[in-house]
Each structure stands twice: as structure tokens, then as C-alpha cells.
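One structure is given here, and the rest of the page talks about it.
Each reported figure results from applying straightforward, stated rules to the coordinates on display, with no laboratory input. Only a predicted model underlies this, so the values are computations on that prediction, with no experimental measurement involved. All Cβ positions, glycine included, derive from the backbone under ideal geometry; neighbour counts span all protein chains shown.
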Amino acid sequence: MTLDISNGEFLRMASEAPESFTVGIVQPRTSAESGDGNGTGGEEMLMPPLNFGMVDYGIFRSGFPDSASFGFLKTLRLRSIICLFPDEYPEANLEFLKANGIRLYQFGIDGSKDLLTKDPEDIIREALKVILDVGNHPLLIHCKRGKHRTGCLVGCLRKLQRWCLSSIFDEYQSFAAAKARVSDQSFIALFDISDFKPQPLSFSPSQKYSIDKVLDAVPSYP
């Protein structure tokens with residue numbers, strides 16, 4: 001599967017992602033993996049994290065990835081995770097990251113309903129630097145629910161990719177749904193990108209192996 005994705009196509013895929021990844025993906029397992037010892041093999045249910053979706057080549061987003069989603073995350077071959085909540089990262093997740101050679105970048109942003117009063121712009125800038133370094137890809141961005149803090153960071157990335165605000169807000173609202181916040185969208189609109197170099201509309205397709213692996217496993221919808 002080869003992807004040649006335009007701005008509009010990214011928006012379509014992002015808007016469909018929460019629904020598409022609600023169900024688990026069944027992946028065959030060997031007999032050794034399933035532990036049945038009979039050589040008959042088995043199946044493993046791969047469950048993505050809450051609100052999982054693709055942002056770009058080698059960049060994904062979601063809510064908090066609990067242990068049930070670890071098998072799914074392995075298929076992404078992640079190098080890095082960006083966490084946007086300030087709480088201590090759970091020990092089980094730290095062990096998973098260590099076992100799979102995944103770097104953790106934690107940028108603590110308070111879950112307040114009004115980002116504009118918390119002035120997280122410097123934090124968002126630092127997180128964007130991690131995203132823009134393709135050496136950190138494949139990469140997962142997450143907060144608690146994958147809606148507000150993640151949505152703001154992705155929205156600011158879209159500004160760097162020269163998306164129009166209406167498309168940015170459509171993507172934000174597709175993940176936040178009824179919980180969409182005007183304050184988040186105001187933060188994105190006011191975010192100053194003048195200190196950043198202009199970015200291409202998409203990252204290098206050399207990262208596509210992770211996305212193709214996921215998209216090939218997603219059931220088709222009419």
C-alpha cells in the first residue's frame with residue numbers, strides 16, 4: 001500500500017480514525033506465542049489506545065495507552081512517545097518503553113479547560129521540536145483522552161504545515177467531538193509559528209512502513 005496523501009486526504013483519514021480504531025485488530029500468532037504447544041497457533045487481539053489516529057508519516061496520536069494496547073503499540077515500532085500530562089508516568093508503561101527501546105518525552109500541561117490562562121506556549125514549542133526531528137519517528141503523542149492537549153499540539157503542527165484554520169479546527173473537533181473547547185481553538189489560532197522554519201505539507205514517506213502496517217489492518221468502511 002503506497003500513500004500519496006494530500007491535505008484533504010489527511011483530514012479525511014484523521015476524522016475517521018476514532019471510529020476506525022474503536023475495534024481491535026486480530027493478528028495471527030505462532031504456537032510459541034500463544035503457548036498452546038500444539039503447533040496450531042492462535043490469534044491475538046490488538047487493541048489500539050483510546051482515540052487513536054494517524055497524524056502523518058511516522059506520527060500517531062491517542063489517549064493514554066494502557067497495558068491492553070501494548071501489543072498494538074509494538075506493531076508501530078515506536079521510537080518515541082510524547083506525553084502531555086504532568087502526572088507521574090505509570091511504572092508498567094515505563095517498563096514497556098524500556099523493553100521496547102522507546103524514549104519518553106514528557107511535557108506536563110495542566111488539564112485546565114482554558115489553556116490560554118496557563119500559558120503553555122513554551123511547552124508546545126518544545127514538544128514541536130521533538131516532533132519535527134524525524135530521528136524521533138515513529139512517534140506517538142498522547143495525553144489522557146487524546147482530545148484537548150493532544151489536539152492543541154497537533155493543531156499547532158498543522159499550522160507549521162500550512163493548513164488553513166478551518167481544516168485544523170475540523171480535525172480538532174473530529175477527535176474532541178462534544179468536548180471541543182473554544183479556548184483550545186483560540187490557542188491554536190493565536191499560536192505564533194514565526195520562530196519555526198516552514199515545514200513540508202507531509203513528512204518523508206520513508207516512515208510509511210508503520211502507517212501502512214496499521215492501515216492495512218483497518219477494516220474498510222463504505
For region 75-168, shape from the Cα gyration tensor axes a ≥ b ≥ c, cut at a/c of 1.5 then a/b versus b/c, turns out oblate
Count charges around residue 91 for me, please; just the other residues with Cβ under 13 Å from its Cβ, Lys/Arg as +1, Asp/Glu as -1. -3
Residue 201 versus residue 189: modelled label distance in nm, points set 7 Å from Cα along the beta carbon direction: 2.5
Taking R0 as 25 Å and r as the Cβ-Cβ distance between residue 126 and residue 74, the FRET efficiency 1/(1 + (r/R0)^6), rounded to the nearest 0.05, comes to 0.35
Residue 165 versus residue 98: modelled label distance in nm, points set 7 Å from Cα along the beta carbon direction: 4.7
For a quick protection proxy, order the peptides 97-106, 154-163, 45-54 by their average other-Cβ count within 10 Å, most packed first. 45-54, 154-163, 97-106
How far, in nm, would the chain grow between residue 133 and residue 177 when pulled straight, counting 0.36 nm per residue and subtracting the alpha carbon separation? 12.9 nm
Would you pull out the residues with amide H under 5 Å of residue 103's amide H, same chain only if 5 or more places away, H placed 1.01 Å from N? 80, 81
Amide H to amide H under 5 Å from residue 52: which residues, 5+ apart in sequence or cross-chain, H placed 1.01 Å off N in plane? 63
What does the charge count near residue 80 come to, summing +1 for each Lys or Arg and -1 for each Asp or Glu among other residues with Cβ under 10 Å from its Cβ? +1
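Over 24 Å between Cα atoms: which of 74/98; 129/159; 98/144; 74/144; 159/179; 98/147 fall into that group?
Distance filter (> 24 Å) returns 98/147.
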